[in-house]
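**Student:** Have a look at this one.
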Amino acid sequence: MPAREHCCRSASPCWGRALLVLLCLLGRGFTARAQGDGVYYSNKTYFLIPFQITPGDRRVARVILHVSEDRRTWQQVATAAPTERGFNYTARRDGWYFFTVQTMDQEQKLYPPNLDQVEPGLSVYVDTVAPTVKLRPMTGLRPGQVGVEWEVRDDTLDSKTLRLEY
């Protein structure tokens, strides 16, 4: 995926305020942020995928985590007892990861029985590369006016959520 780019210009009566733009953009670290509908973005390759079985439900013997990078082929990556709280997962690279779970009952039957038509219950985009931000003073302004140009590059840049603060 090519890097997305966002370039802007802004004129202001004070150059010192422009430095705050850089600090706000680079200082917004997160472990995982939700986008909605089971979609998360993470700047870490290691994260916890929580699950919870109804307390007292003795039918479930194992919980099985599967991952897909293409939403078609699934690979079993972990199993857990129903009393555990989640799976630790380490992504091998940046990109999309789709997760689903199966349960195994006491008679060794799987639910769902196969993963051919299953939809992911969780989607995570791993992005460990920080955005690059370049700030430059604007030229050709009227006397007494100060301005800044900026360029932001990031594979997952969402210009709708980009904020400029000064």
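The values are calculated or read from the model by the stated rules, or taken from the named source; none is laboratory data. Just so it is clear, the model here is predicted, and its values are computed rather than measured. Glycine also receives a Cβ, built like all others from the backbone with ideal geometry; neighbour counts cover every protein chain displayed. We work out accessible area using only protein heavy atoms, side chains counted, and drop any ligands, DNA or RNA first. Shrake-Rupley method; radii C 1.70, N 1.55, O 1.52, S 1.80 Å.
**Student:** Given Gly121, Phe98, Gly140, which one lies farthest toward the positive end of the charge dipole of the stretch 87-166, if we put +1 on the Cβ of every Lys and Arg and -1 on the Cβ of every Asp and Glu?
**Tutor:** Gly140
**Student:** A further question follows. With +1 assigned to the C-beta of every Lys and Arg and -1 to the C-beta of every Asp and Glu, and no other charges, what is the dipole magnitude of the stretch 115-166 about the Cα centre in debye, to the nearest 20?
**Tutor:** The calculation lands at about 560 debye.
**Student:** Given a 1.4 Å probe and the protein chains all in place, what does the accessible area of Met104 round to, in Å² to the nearest 10?
**Tutor:** Its heavy atoms expose roughly 40 Å² to the probe.
**Student:** Mind grabbing the accessible area of Phe87 for me, 1.4 Å probe, Å², rounded to tens?
**Tutor:** Taking all protein chains as shown, Phe87 has close to 10 Å².
**Student:** Given +1 on the Cβ of Lys and Arg, -1 on the Cβ of Asp and Glu, and no further charges, what dipole in debye does the stretch 39-166 carry about its Cα centre, rounded to the nearest 20? Don't skip to the answer; put the middle values down first.
**Tutor:** Values: 16 positive and 16 negative charges, 46 e Å.
Dipole magnitude for the stretch 39-166 comes out near 220 debye.
**Student:** Ranked by accessible surface with a 1.4 Å probe, highest first, in what order do Tyr40, Tyr125, Tyr46, Tyr166 come?
**Tutor:** Values: Tyr40 90, Tyr125 25, Tyr46 130, Tyr166 160 Å².
So the residues, ranked largest to smallest area, are Tyr166, Tyr46, Tyr40, Tyr125.
**Student:** I've got another one for you. Determine the gain in length on full extension of the stretch Asp37-Ala81; use 0.36 nm per residue of separation and subtract their C-alpha separation, reporting nm with one decimal. Walk me through the numbers before you get to the answer.
**Tutor:** Details: separation 44, 0.36 × 44 = 15.84 nm, distance 2.64 nm.
This chain segment gains 13.2 nm when fully extended.
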